[in-house]
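The values are calculated or read from the model by the stated rules, or taken from the named source; none is laboratory data. Predicted model, so just to flag it, every value in this text is computed and none were measured. Backbone-built Cβ (ideal geometry, glycine too); neighbour counts: all protein chains shown.
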Amino acid sequence: MHRAMVVVVAASLASTVVGAADWHAASRLNVVSARHAAPTPLDVGALLDAAQGAPRSICALAAHAINNGGWGRWSDAPATPLAPVAVEYDRDEGTRRFSAADEDRLLGGLAAGDACVRELSVRLLGGERGDRVASALITRLASSDASLRQIAAFGLGLVQAQAAVDQLVGALHDATTAVRANAAWALGRIENGRALKPLVQLFSDGDTTVRESAVAAVGRLDSTSASAALMRILQQDASPAVRRDAAWALGNLEAHDAATVLASTLGHDSDPRVREMSAWALGNMESKSGTSALTTALARDDDDKVREVAAWALGQTEDRSAIDALGRAAASDRSVRVRGTAAWAIGQIDDDGGTAPTGLLHVLKDPDDDARLKAAWALGQLGDSAALPAIRDALNVEKNNDVRRALIRALVKSGGRSERALTDLLTSGDASVREAAVRGLAGHDAFGPWPWPEPRPRPFP
């Protein structure tokens with residue numbers, strides 16, 4: 001009954017209860033057998049058919065799943081078709097949404113024959129922080145039914161039950177791979193240091209998904225004592241997915257002793273996903289020792305995402321020796337995302353008083369609006385008076401108002417506050433451009449940090 005709607009509700013609950021990065025891990029672990037399956041296209045016809053006559057509370061939750069990048073709780077307009085429906089969706093810490101009877105019903109749903117009922121039940125319970133739910137899930141973790149142990153481990157991770165650490169550590173030895181994987185994932189969410197050694201021992205598990213879960217969990221435990229073990233996984237594990245998670249863990253923990261290994265992996269690993277994550281890790285730890293490997297990857301790697309993250313990472317390291325390599329990438333890389341990110345990185349590195357490389361000026365003519373915006377922002381950071389002719393020329397032909405605002409900022413910060421171009425822009429049809437021109441005429445310091453088009457090509461496991 002209304003199965004398609006229930007699936008959408010489950011997605012809504014997952015995105016709210018767990019959060020974007022953790023939901024990725026949760027969904028990955030919850031259905032181990034479907035791990036590498038291609039995504040199923042949304043059947044719009046079936047969805048709309050299921051919506052006919054569905055309870056309004058279910059429709060409201062499904063609407064929440066389709067937030068269109070808005071403010072959440074589907075309240076991005078004063079009046080919507082479902083506006084009168086009062087569906088409390090508060091997940092604030094300490095708030096109890098369900099009565100004891102409702103909790104019992106949801107706990108019973110964990111053993112239902114229908115997968116959608118089980119999914120919905122565990123995700124609803126996942127928002128409850130009371131001891132009663134945690135205790136009930138711990139009891140089910142000891143069940144003789146492997147599927148119930150699997151979902152109990154999942155639920156304990158969602159509720160982040162500190163009281164379940166010892167039981168979850170015991171579940172790391174479960175005969176069922178899905179239970180071990182979910183237990184490892186749950187321990188990563190709980191972030192209790194007692195789980196570190198048992199999780200590291202799981203690095204040798206024969207199942208790829210279990211190893212991934214253990215590696216990612218260790219990356220969340222805020223301890224670099226396992227960095228040597230993570231480096232071994234990065235260098236030796238047969239699974240690219242596990243190696244990728246190891247690179248993420250090292251970067252997330254900012255394990256600086258791993259910089260050399262990460263740099264080597266960036267240059268030699270056969271899988272682009274592993275190389276991408278190694279570049280991210282070097283950037284996240286802001287390690288200048290990785291500059292050489294990052295600039296080589298930026299120039300030579302055949303994968304666009306690897307080059308983009310390498311450019312971002314170089315901006316994070318703020319190593320001025322990378323400026324020339326970034327300038328070349330900004331001018332000539334085949335990927336517009338790489339060109340834009342390289343331009344941003346130049347502004348990130350050479351903040352205030354640097355010389356604009358020729359490649360950065362070239363991006364002012366890029367066909368992509370976002371790339372030009374990042375180049376204009378970077379020129380504003382540099383404040384290079386020698387770039388004024390190029391900024392003037394770009395401003396004379398630029399049609400995108402956001403880019404024009406960025407160019408005005410670059411003009412002012414490069415010493416062109418008295419330019420006639422600013423006065424001419426006071427008659428622009430776009431109010432934001434007129435405002436930017438007024439700020440420019442008012443003085444160099446009248447500008448805030450806008451625009452700040454920081455790219456975020458940051459992968460997560």
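So if I check each of Leu250, Leu187, which one is of a type outside the set (S, T, N, Q), in contact with a helix residue (DSSP H, G or I) (Cβ under 6 Å, 6 or more places away or on another chain) and over 30 Å from Gly108 (Cα atoms)?
Going through Leu250, Leu187 in turn, the sole match is Leu250.
Listed residues Ala293, Ala310, Ala331, Ala322; which is under 25 Å from Asp402 (Cβ atoms) and in contact with a helix residue (DSSP H, G or I) (Cβ under 8 Å, 6 or more places away or on another chain)?
Being under 25 Å from Asp402 (Cβ atoms) and in contact with a helix residue (DSSP H, G or I) (Cβ under 8 Å, 6 or more places away or on another chain) holds for just one of Ala293, Ala310, Ala331, Ala322, which is Ala331.
What are the residues in the stretch 300-345 that are assigned to a helix (DSSP H, G or I) and among the hydroxyl-bearing types (Ser, Thr, Tyr), if any?
Thr317, Ser321, Ser332, Thr341
Within the stretch 149-164, track down each residue that is closer than 14 Å to Thr139 by Cβ, assigned to a helix (DSSP H, G or I) and within 25 Å of the chain's Cα centre (by Cα).
If the condition is that a residue be closer than 14 Å to Thr139 by Cβ, assigned to a helix (DSSP H, G or I) and within 25 Å of the chain's Cα centre (by Cα), then Ala153, Gly155, Leu156, Val159 are the ones that fit.
May I ask you to list the residues in the stretch 365-379 that are buried (at least 24 other Cβ atoms within 10 Å of the Cβ) and of a type outside the set (D, E, K, R)?
Answer for the stretch 365-379, where residues must be buried (at least 24 other Cβ atoms within 10 Å of the Cβ) and of a type outside the set (D, E, K, R): Ala371, Leu373, Ala375, Ala376, Trp377, Ala378, Leu379.
Looking at Ser204, is it polar (S, T, N, Q) and over 21 Å from Gln167 (Cα atoms)?
No, not satisfied.
Cβ-Cβ distance below 8 Å, separation of 6 or more or different chains: which pairs start in the stretch 283-295 with a residue that is more than 14 Å from Val261 (Cα to Cα) and end on one that is among the basic types (Lys, Arg)?
Sorted first by the residue in the stretch 283-295, then by its partner, the pairs are Asn284/Arg458.
Please go through the stretch 346-391 and pick out each residue that is within 21 Å of Ala313 (Cα to Cα), outside any helix (DSSP H, G or I) and of a type in the set (Asp, Glu).
Residues satisfying the conditions are Asp350, Asp351, Asp352.
Name the pairs whose Cβ atoms lie under 8 Å apart, with the first residue in the stretch 139-157 and on the phi < 0 side of the Ramachandran plot, the second of a type in the set (Gly, Ala, Ser) and surrounded by fewer than 23 Cβ atoms within 10 Å (Cβ to Cβ), and 6 or more positions between them or separate chains?
Short answer, once both residue conditions are applied: Asp145/Ala111; Ala146/Ala175; Leu148/Ala111; Arg149/Ala142; Arg149/Ser143; Ala152/Ser143; Leu156/Ala134.
Say whether the condition of being at pLDDT 95 or above, under 20 Å from Glu191 (Cβ atoms) and small (Gly, Ala, Ser) is met by at least one residue in the stretch 238-246.
Yes, because at least one residue in the stretch 238-246 is at pLDDT 95 or above, under 20 Å from Glu191 (Cβ atoms) and small (Gly, Ala, Ser).
Would you check which residues across the stretch 397-412 are in contact (Cβ under 8 Å) with a residue 12 or more places away in the chain and part of a helix (DSSP H, G or I) and list them?
Result: Asn401, Asp402, Val403, Arg404, Arg405, Ala406, Leu407, Ile408, Arg409, Ala410, Leu411, Val412.
Which residues, taken from the stretch 165-198, are surrounded by 24 or more Cβ atoms within 10 Å (Cβ to Cβ), among the hydrophobic types (A, V, I, L, M, F, W, C) and either more than 17 Å from Ala142 (Cβ to Cβ) or under 24 Å from the mean Cα position of the chain (by Cα) (or both)?
If the condition is that a residue be surrounded by 24 or more Cβ atoms within 10 Å (Cβ to Cβ), among the hydrophobic types (A, V, I, L, M, F, W, C) and either more than 17 Å from Ala142 (Cβ to Cβ) or under 24 Å from the mean Cα position of the chain (by Cα) (or both), then Ala181, Ala183, Ala184, Trp185, Ala186, Leu187, Ala195 are the ones that fit.
For the stretch 292-309, does any single residue satisfy the condition of being crowded, with 19+ Cβ neighbours inside 10 Å, over 21 Å from the mean Cα position of the chain (by Cα), under 26 Å from Ser414 (Cβ atoms) and of a type in the set (S, T, N, Q)?
Among the residues of the stretch 292-309, not one is crowded, with 19+ Cβ neighbours inside 10 Å, over 21 Å from the mean Cα position of the chain (by Cα), under 26 Å from Ser414 (Cβ atoms) and of a type in the set (S, T, N, Q), which makes the answer no.
In the stretch 123-153, what count of residues is obtained for those that are farther than 18 Å from Gln167 by Cα and among the hydrophobic types (A, V, I, L, M, F, W, C)?
The total comes to 2.
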